Amino acid sequence: MYPASFEYLRPSTLDETIRLLVEHGDEATLLAGGHSLIPAMKLRLALPKFVVDLGRVADLSYIRESGGRIAIGAMTTHHALESSGVLRARCPLLPETAAHIGDVQVRNRGTIGGSLVHADPAGDWPAAILALEAEIELAGPKGRRTVRADAFFVDLLQTAIAPDEILCEIRVPATPRSVAYEKTEQKASGFALAGVAVVVGSTGVRVGVTGVGPKAYRASGVERALAGQAAPTGEAIAQAARHAADRIEALGDIHASPEFRVHLAEVNTRRALTRAFGSR
Ligand SMILES: Cc1cc2nc3c(=O)[nH]c(=O)nc-3n(C[C@H](O)[C@H](O)[C@H](O)COP(=O)(O)OP(=O)(O)OC[C@H]3O[C@@H](n4cnc5c(N)ncnc54)[C@H](O)[C@@H]3O)c2cc1C
């Protein structure tokens with residue numbers, strides 16, 4: 001299956017990319033790893049007249065630590081995140097999450113920036129990004145701005161990014177090892193039926209959930225139930241996990257009913273909390 005015809009543009013700097021987005025408006029689409037965009041173009045769900053390839057734009061693929069925070073370029077692949085020594089030592093939730101994404105081919109091409117902007121309700125990164133309270137940096141014609149992870153995901157396949165902006169960097173805090181990502185995947189694609197990321201930090205526990213509702217979310221009911229507990233019992237964790245899908249309108253499809261997704265959210269929350277608290 002071939003996509004409809006389009007013009008291929010290959011800028012080499014961020015400024016040039018922004019100029020192209022401004023010039024071509026909503027007829028232009030950015031291309032990162034292409035693992036979501038190209039299938040959408042082949043299915044005629046996306047029909048861009050101009051495809052602007054980020055592949056040659058300088059300095060969009062890196063993992064750098066400075067001052068207790070780690071900065072990740074948007075074009076960093078899932079594989080680079082999975083295999084990064086810096087992340088394994090300083091933010092192990094990211095390599096653990098990356099290892100759950102698709103297969104080797106997907107991880108070699110797909111990027112964290114493309115995943116976050118695509119905002120697939122079953123994508124893995126949003127859960128980890130929410131639990132880590134990441135900052136997302138966007139660049140556009142008016143300059144740069146930073147959006148907090150919990151304000152970035154707006155709805156199904158919708159984020160806070162404007163059409164003339166580029167996601168250029170994600171910043172996460174260095175964390176201790178008390179983190180976990182537990183997921184039940186759709187067997188053919190690997191996408192999450194319910195994926196739960198947990199970070200146990202000095203200020204409490206943070207829980208990000210993907211695959212269940214139209215967008216990834218923080219399970220604030222779970223976080224509140226465990227507030228102030230440094231070493232909750234198994235029973236306290238099980239009680240808290242029951243709030244994993246509070247006030248969420250769960251999705252249903254041929255792979256899992258809404259009720260089953262809610263059940264998986266609770267089970268994976270319990271497992272992720274147990275592992276994260278257990279590794280303190
Ligand atoms: C077979 C298969 C299995 C998969 N399994 C999983 C899985 O288990 N878990 C999972 O999470 N994902 C999975 N994916 C999706 C994969 O992770 C994709 O790589 C990801 O969703 C999109 O990233 P990309 O770099 O390919 O982006 P693209 O497909 O190139 O782009 C996606 C969208 O983001 C926009 N975009 C890209 N980069 C930027 C940027 N820097 N700034 C602004 N806009 C940008 C594009 O314009 C486009 O609209 C799977 C994909 C396939 C094909």
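Entry comment: accessible area of the range 1-137 is 46 Å² per residue, from protein heavy atoms only and a probe of 1.4 Å. Taking a span of 27 Å or more along the helix axis (Cα atoms) and a mean Kyte-Doolittle hydropathy of at least -1.0 as the rule, the DSSP H helices of the chain that qualify are 258-278.
Restriction of the GluC sites (Glu not before Pro) in the range 183-261 to DSSP coil positions whose beta-carbon has at most 12 other beta-carbons within 10 angstrom yields 249.
Taking the Cα centre of the chain as the origin and placing charges on Cβ (Lys, Arg +1; Asp, Glu -1), which of 20, 35, 61 is farthest toward the positive end of the dipole? Farthest towards the positive end: 61. Take the Cβ atoms of residue 174 and residue 239, set R0 to 35 Å, and the FRET efficiency comes out at 0.70. Taking the helices alone, the chain has a mean residue ellipticity at 222 nm of -9000 deg cm²/dmol, built from -39,500 (n - 2.57) per DSSP H run of at least 4 residues and averaged over all its residues. Each residue of the range 118-126 is assigned a 3J(HN,Hα), and the resulting list reads 5, 6, 4, x, 10, x, 7, 4, x Hz, derived from the Karplus form 6.51 cos²θ - 1.76 cosθ + 1.60 (θ = phi - 60°), x at Gly and Pro. Rounded to the nearest 20, the Cβ-based charge dipole of the range 93-197 about its Cα centre (Lys and Arg +1, Asp and Glu -1) stands at 180 debye.
Taking label positions 7 Å along the Cα-Cβ direction at both residue 53 and residue 5, the computed distance is 1.9 nm, reported to one decimal.
Only the Cβ atoms of Lys and Arg (+1) and of Asp and Glu (-1) were treated as charged; on that basis the dipole of the range 48-152 about its Cα centre amounts to roughly 380 debye. For the range 173-203 versus the range 13-51, the inter-centroid distance based on Cα atoms is 30 Å. In the chain, the DSSP beta bridges split such that about 85 percent are antiparallel, to the nearest 5.
Amide H contacts for residue 201 (H built 1.01 Å from N in the peptide plane; partners 5 or more residues away or on another chain; cut-off under 5 Å): 206. Between 23, 96, 82, where does the largest GNM mean-square fluctuation fall for the chain, given springs only between Cα atoms within less than 10 Å? Looking only at 23, 96, 82, the largest GNM fluctuation is found for 23. The separation of the range 94-155 from the range 221-262, counted between C-alpha centres, amounts to 22 Å. Projecting the Cα atoms of 89, 172, 230 onto the dipole axis of the chain, where Lys and Arg carry +1 and Asp and Glu carry -1 at the beta carbon, places 230 farthest toward the positive end.
Here the range 47-145 has 49 percent of its accessible surface on carbon and sulfur atoms, given a 1.4 Å probe and all protein chains in place. Loop-located trypsin sites (Lys or Arg not before Pro) in the range 1-74 (DSSP state other than H, G, I, E, B) with a sparse environment of at most 13 neighbouring Cβ atoms within 10 Å: 44, 56. Short-range pairs are left out: with C-alpha atoms under 8 Å and at least six residues apart, the relative contact order of the range 32-125 is 29 percent.
Farthest towards the positive end of the charge dipole of the range 187-280, among the residues 251, 213, 268, is the Cα of 268, using unit charges on the Cβ of Lys, Arg, Asp and Glu. Think of each Lys and Arg Cβ as +1 and each Asp and Glu Cβ as -1; about the Cα centre, that makes the dipole of the chain roughly 680 debye.
For residue 44 and residue 254, the FRET efficiency from 1/(1 + (r/R0)^6), where r spans their Cβ atoms and R0 equals 30 Å, is about 0.90.
The values are calculated or read from the model by the stated rules, or taken from the named source; none is laboratory data. Remember, predicted model here, so these are calculated numbers, not experimental data. FYI the Cβ positions are ideal-geometry reconstructions off the backbone, even for glycines, and counts take in every protein chain you see. The area values use the complete protein model at the heavy-atom level, side chains included, leaving out ligands, DNA and RNA. Shrake-Rupley method; radii C 1.70, N 1.55, O 1.52, S 1.80 Å.
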